[in-house]
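A.B. asks: Below you'll find the structure I mean.
The values are calculated or read from the model by the stated rules, or taken from the named source; none is laboratory data. No experiment lies behind these values; they were computed from the predicted model shown. Neighbour counts run over all protein chains shown; Cβ positions are idealised from the backbone, glycine included. Only protein heavy atoms, including side chains, enter the accessible area calculation; ligands, DNA and RNA are left aside. Shrake-Rupley method; radii C 1.70, N 1.55, O 1.52, S 1.80 Å.
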Amino acid sequence: MTAISGNDLLVRNVRPLGGGIVDILILDGRIADTTTTAPDGTEVLNGAGALALPGLINAHCHLDKTRWGLPWQPHTPGPTRDERIAADRELRRGLMASTKDRAAALAEHCAALGTSHIRTHVDVEPEFGLTGVEALLELREQIAERITIELVAFPQFGLITNPGTAALMEAAVGLGVEVLGGIDPSSIDNDRAGQIDAIFAMAERTGAGIDIHLHETGEEGAASLELICERTQALGMSGKVAVSHGFCLGTVEEARLSGLIDAIAAAGVAVVTYAPGDSPVPPLKRLAEAGVTVAVGTDGIRDAWTPYGNGDMLERAMMLAYRSGFRRDEDIELALDAVISGGARLMGIEDRGLAPGCVGDLVLVEAETVADAVIARPSRQAVIKDGIRLPAVSSR
Ligand SMILES: [Zn+2]
């Protein structure tokens, strides 16, 4: 007789991606073959005809910056990137000590909404040192059964122009951070090649991945993106480098865009978008057709950068579809596929899906089809992580 594991669960009467009703058996955290019968005593969850989705992936967040769980604070920073950066630094001075608590509140909320994995950028710079990284490293150990957290050491306040930052980023990797961040090498550091070369050199030394914020638009951003692609190819880092935001992809002319998409595809650089409302969204369909990995995040949630955000990746898929002008089901499904499959490819998460052998991360919602689930964003009927049912979502 097979021993029952804490990660066993029989999920009855669900419709994978809106298909016909089946039972999904999870044994030891993985989806079992359809011919396997549940061992006696296996916990049963009745899905009552719910649509089943794989666990959702938030590929770009800033857990350390959030004010989640704190009283509402009106948004006061001015509209430019630099004004938001200045406000961020000022506000965070009073919030560093509570980083772990604030990040935990938001991460638990995201988990309850079906996010199984989250890549979060964490500020690293001399004034705050590694305070944020240490808080997030502690948190991810404590919360690992409910959500998997990947960390990016992020030079929010500049790398070349903020001496000491590079050494702290490398130290962060030594502590267990997986990815090196970057930001607008040309317009933040006024040294495109200097910042990009410093990040790639660190990656070469440490084996870490790279994920660079690129808000730069037009030719300024295009030139940075080209250099990132060039360095990725030169160092054989295909599949380990991402550009977040990539606003330039929505602001250059057609001929330039075509060339950039070819360069991104050839280099194996991923693009991460949060489907912003006030900046151009990279062309998801064209990037996907070119074989480029496109993943989706929320970016900051209720912080100095924005009062918006609720951590719901179904909602973010809807926003990506909406901003992309998608109406047909297959296009709306592409937006959710970027959240799930794109996020998995970006973060190297294997076995993502609902087939036998995949990890038992499931989200159950009352919806007819995948497109219906994206548009309606129903409350989560159940969320399962590694075969364990999570507590219900908090009210906010
Ligand atoms: Zn960001």
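A.B. asks: Quick check: residue separation of Arg328 and Ala255 times 0.36 nm, minus the Cα distance between them. What number comes out in nm?
C.D. replies: Residue separation times 0.36 nm, minus the Cα-Cα distance, leaves 23.6 nm.
A.B. asks: In region 96-178, if the dipole is taken from +1 on Lys/Arg beta carbons and -1 on Asp/Glu beta carbons about the Cα centre, which of Leu113, Gly164, Val133 is farthest to the positive end?
C.D. replies: Going by the charge dipole, the pick is Leu113.
A.B. asks: Does region 56-347 come out rounded, prolate or oblate, given a ≥ b ≥ c as the square roots of the eigenvalues of its C-alpha gyration tensor, rounded meaning a/c under 1.5 and, failing that, prolate meaning a/b above b/c?
C.D. replies: Judged from the Cα gyration tensor, region 56-347 comes out rounded (a/c under 1.5).
A.B. asks: How large is ³J(HN,Hα) for each residue in region 132-144, as worked out from phi by the Karplus curve 6.51 cos²θ - 1.76 cosθ + 1.60 (θ = phi - 60°), to whole Hz, x for Gly and Pro?
C.D. replies: Here the 3J(HN,Hα) series is x, 4, 4, 5, 6, 5, 5, 4, 5, 5, 5, 10, 4 Hz.
A.B. asks: Given H placed on each backbone N at 1.01 Å, which residues far from Gly69 in sequence or on other chains put an amide H within less than 5 Å of it?
C.D. replies: none
A.B. asks: Would you mind putting 37-43, 373-379 in packing order, based on average other-beta-carbon counts within 10 Å, highest first?
C.D. replies: Put in order of decreasing packing, that is 373-379, 37-43.
A.B. asks: Moving to a separate point now. 5 Å is the cut-off here: which amide hydrogens, built 1.01 Å from N in the peptide plane, fall below it relative to Thr251, excluding neighbours closer than 5 in sequence?
C.D. replies: Gly218
A.B. asks: Here's something else I'd like to know. Have a look at Met169, Met96, Met318 and tell me which one the Gaussian network model of the chain (Cα, springs below 10 Å) gives the largest fluctuation.
C.D. replies: Its mean-square fluctuation being the largest, the pick is Met96.
A.B. asks: Could you list the trypsin sites (Lys or Arg not before Pro) in region 314-367 that lie in coil according to DSSP, counting only those with at most 11 other Cβ atoms within 10 Å of their Cβ?
C.D. replies: Here the sparse-neighbourhood loop sites are Arg327, Arg328.
A.B. asks: Determine the dipole magnitude for the chain: charges of +1 sit on the beta-carbon of Lys and Arg, -1 on that of Asp and Glu, nothing else is charged, the reference point is the Cα centre, and the result goes in debye to the nearest 20.
C.D. replies: The dipole of the chain has a size of about 680 debye.
A.B. asks: Could you name the lysines in cross-link range of Lys100, using Cα to Cα under 19 Å and dropping any fewer than eight places away on the same chain?
C.D. replies: Lys65
A.B. asks: Counting only DSSP beta bridges with both residues in region 93-215, what percent are antiparallel, rounded to the nearest 5?
C.D. replies: In region 93-215, approximately 5 percent of DSSP beta bridges are antiparallel ones.
A.B. asks: Calculate how many DSSP beta bridges within the chain are antiparallel, expressed in % of all such bridges and rounded to the nearest 5.
C.D. replies: Rounded to the nearest five, the antiparallel share is 35 percent.
A.B. asks: List the relative contact order of the chain as a percent without decimals, with contacts defined as Cα pairs under 8 Å and 6+ residues apart.
C.D. replies: Taking the mean separation of contacting Cα pairs over the length of the chain, I get 22 percent.
A.B. asks: Against the longest principal axis of the chain, how steep is helix 99-112, in degrees 0 to 90 to the nearest 10, with axes from Cα atoms?
C.D. replies: The angle comes out at about 40 degrees.
A.B. asks: Put Lys240, Lys100 in order of accessible area, largest first, 1.4 Å probe: what do you get?
C.D. replies: The ranking, largest first, comes out as Lys240, Lys100.
A.B. asks: With every protein chain left in place, what is the accessible area of Leu346 in Å² (1.4 Å probe, nearest 10)?
C.D. replies: 20
A.B. asks: Run the reach check for Lys285 against lysines, Cα to Cα strictly under 27 Å, same-chain hits fewer than 8 apart removed. What comes back?
C.D. replies: Candidates past the 8-residue exclusion: Lys240.
A.B. asks: Right, another one. Calculate for the chain the 222 nm mean residue ellipticity that helices alone would give, adding -39,500 (n - 2.57) per DSSP H run of length 4 or more and normalising by residue count, nearest 500 deg cm²/dmol.
C.D. replies: For the chain, the value works out to -10500 deg cm²/dmol.
A.B. asks: Assuming 0.36 nm per residue, please report the length gained on full extension of the stretch Arg12 to Ala265 beyond their Cα-Cα distance.
C.D. replies: So the extension gain works out to 87.0 nm.
A.B. asks: Using a 10 angstrom cutoff on alpha carbons, build the Gaussian network for the chain and name the most mobile of Ile85, Ile24, Ile332.
C.D. replies: The residue with the greatest mean-square fluctuation here is Ile85.
A.B. asks: If you plug each phi of region 157-168 into the Karplus form 6.51 cos²θ - 1.76 cosθ + 1.60 with θ = phi - 60°, what whole-Hz ³J(HN,Hα) values come out, in order, with x for Gly and Pro?
C.D. replies: 9, x, 10, 6, 7, 10, x, x, 5, 4, 5, 5
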